[in-house]
Structures are given as C-alpha cells and as structure tokens.
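The block underneath contains the structure these notes are about, expressed in structure tokens.
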Amino acid sequence: AEGGHCIGGSLGVLSALRRLGVRYLTLTHNLNTDWADSATDEPVHGGLSDFGREVVREMNRIGMVVDLSHVAATTMRDALATTTAPVLFTHSSCRTVTDHPRNVPDDVLGALAPNGGVCMVTFVPRFVSAAVAEWDVALQAAMTDAGIDHRDLRARDAFAASWAGPPCPEATLADVVAHVEHAREVAGVDHIGIGGDFDGTRELPVGLEDVSRYPALFAALLERGWNEDDCAKLAGRNALRVLRAAEEAAA
C-alpha cells in the first residue's frame, strides 16, 4: 500500500489491510499525511507525529513492513528510532550521489545495518541522474509559475510535453550503478536491493528500459568486482529477509 493516507487515520483499517494480505505500507506518498511528513511536501510534523509513531509500533506488532520511500528525512529518522523491526526503502536512491529529496541521506543509509533494513535503489531518472534532477528543478519552477502542482504526475507529464524549456537529459545504467555502489559502501551489501519502479515513471535510464535489462545491471556489477552472492543479495535475498523478519517480530 503506497501512502499512509489510505488508512484514514485508523489503526483498525491498518490491521484490516494486513489481514487482507498487505505486507508493507509506504508511510506517505507525495503529500504529507496527518501524521507523517513527505519528502515532497512542506514539513508539518517535523517527521512523525505521536500518532505516526503509534502507526509504526502497530505495524511492528502485526508484521507489516515499514516502507520509508517517499518520506522526509526527518520521518526516516523518527521511524528508525521507533521501529523494532527492519525497514524497507522500496524505491529510493542515494542523496549523496543525486541531491533529490526522494533519496536517502548517508546517515540514514548507515543506520540500516543496525536496524537490519534494506534500501532498494530505484531507476527513476530524476533520482539517479544529477543532470535530470537539475532539469526537473527547472520544470518544477515553470509549473509553479503556471499554477500547476509538480507533484501531480499526469499534469507533470502533460506540461513537460508542451514545455518550451530544454530537452530532458538521459539517465544511464552507469548512473544506477553509481547509486548501487554508494549504497553498498555506506549501508553494506546486506542492506541493499533494487526497486526499479517501472510502473512509476514514463522515462527510464538508457540500458534499463525494461525488466529484460536486469542482467545488464548485474553484468556491470560483476565487471566491477561483485561476486554472485553479492548480486543475489541485491537481486532479492535481502528484501525477502526483511519480509520474513517482519513476520517473525510480530506479536
């Protein structure tokens, strides 16, 4: 479930979602909830509110994974200070490599090892390429001037198609490799994964246009000295461990 707004401020709804089979909840989407700050909205709570911490504790109790993609850095830190189970970033990259609010700061990446959590590097061009991120800032300014919310994905695509600004640069497979390598360096090989987000973006890096290109990413990493066990952890073993840990930690 992507976006904590879907629980309507109710722990009962949260529990109902878990009974229906929902395995993780992304605490926010592009806007704040009443109890958590989003990475792409104006901060209101300074991270998690008291009820937000209660949501995290209830997720731990019922075996639902806390997903920290989309949340503000303050929310990331509050959630890590509250949770007793490993967290996931299902589709986020590294802020040190590309300075975008949707990416994860190094101090948070470094906190994943003691937590047992995993950051799954995404392929969204504006999160992995500094050039695309800079272009997107210019697009956002133009949309704001036109009175259009940059966070509205459909409106963004429509505006970009008719915008008289510069063409969008291309992200590449090498950009994604840089994020994966940085995440490994800071968090450790046991705390990284892949969250391509193919259904969340119209554009994709050159060389990673669809799921058939995953082998190209692993080939690039093997060429850089990764071994097959490292790649298996990245490909899914680490994320599966977090899913099991959430269930094992449940009351």
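The values are calculated or read from the model by the stated rules, or taken from the named source; none is laboratory data. All figures in this text were calculated on a predicted structure; none of them were measured in a lab. Note that each Cβ is placed from the backbone with ideal geometry, even for glycine, and that neighbours are counted across all protein chains shown. These accessible areas exclude ligands, DNA and RNA; they are computed on the full protein's heavy atoms, side chains included. Shrake-Rupley method; radii C 1.70, N 1.55, O 1.52, S 1.80 Å.
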Within the set V65, V121, V137, GNM on the chain using Cα springs under 10 Å gives the largest fluctuation to V137
Considering only T26, A171, P101, whose Cα is most displaced toward the positive end of the charge dipole of the chain, charges sitting on Cβ of Lys, Arg (+1) and Asp, Glu (-1)? T26
Could you size up the charge dipole of region 147-191 around its Cα centre, putting +1 on the beta carbon of Lys and Arg and -1 on that of Asp and Glu, and report it in debye to the nearest 20? 200 debye
Accessible surface of the chain [probe 1.4 Å, protein heavy atoms]: carbon and sulfur percent: 52 percent
Gain in span if fully extended, V206 to A113, counting 0.36 nm per residue against the direct Cα distance: 30.4 nm
If you build a Gaussian network model of the chain, linking Cα atoms that sit under 10 Å apart, which residue out of S162, S92, S49 swings the most? S162
Simple spin-label estimate for I148/E42, 7 Å along Cα→Cβ, in nm, reads 2.2 nm
Only bridges whose two residues both fall in the chain count here: according to DSSP, what percent of them are antiparallel, nearest 5? 15 percent
15 Å beta-carbon shell around D50, net charge (K/R +1, D/E -1): -3
Computed about the Cα centre, the charge dipole of region 37-107 from +1 Lys/Arg and -1 Asp/Glu charges at the Cβ has a magnitude in debye, to the nearest 20, of 220 debye
Mean Kyte-Doolittle hydropathy of 1.6 or higher plus an axial Cα length of 20 Å or more: which whole DSSP H helices in the chain meet both? none
Among D145, D41, D50, which one shows the highest mean-square fluctuation when the chain is modelled as a Gaussian network with alpha-carbon springs under 10 Å? D145
What trypsin sites (Lys or Arg not before Pro) does region 192-251 have in DSSP loop regions with at most 16 other beta carbons within 10 Å? R202, R224
Under the rule of -39500 (n - 2.57) per DSSP H run of 4 or more residues, summed and divided by the residues of the chain, what mean residue ellipticity at 222 nm is obtained, to the nearest 500 deg cm²/dmol? -13000 deg cm²/dmol
Given points 7 Å out from each Cα along the Cα-Cβ axis, report the L243 to A161 separation in nanometres with one decimal. 3.5 nm
Give, rounded to the nearest 20 debye, the magnitude of the charge dipole that the chain has about its Cα centre when Lys and Arg contribute +1 at Cβ and Asp and Glu contribute -1 at Cβ. 700 debye
Given a 1.4 angstrom probe, what's the average accessible area per residue across region 82-215, in square angstrom? 44 Å²
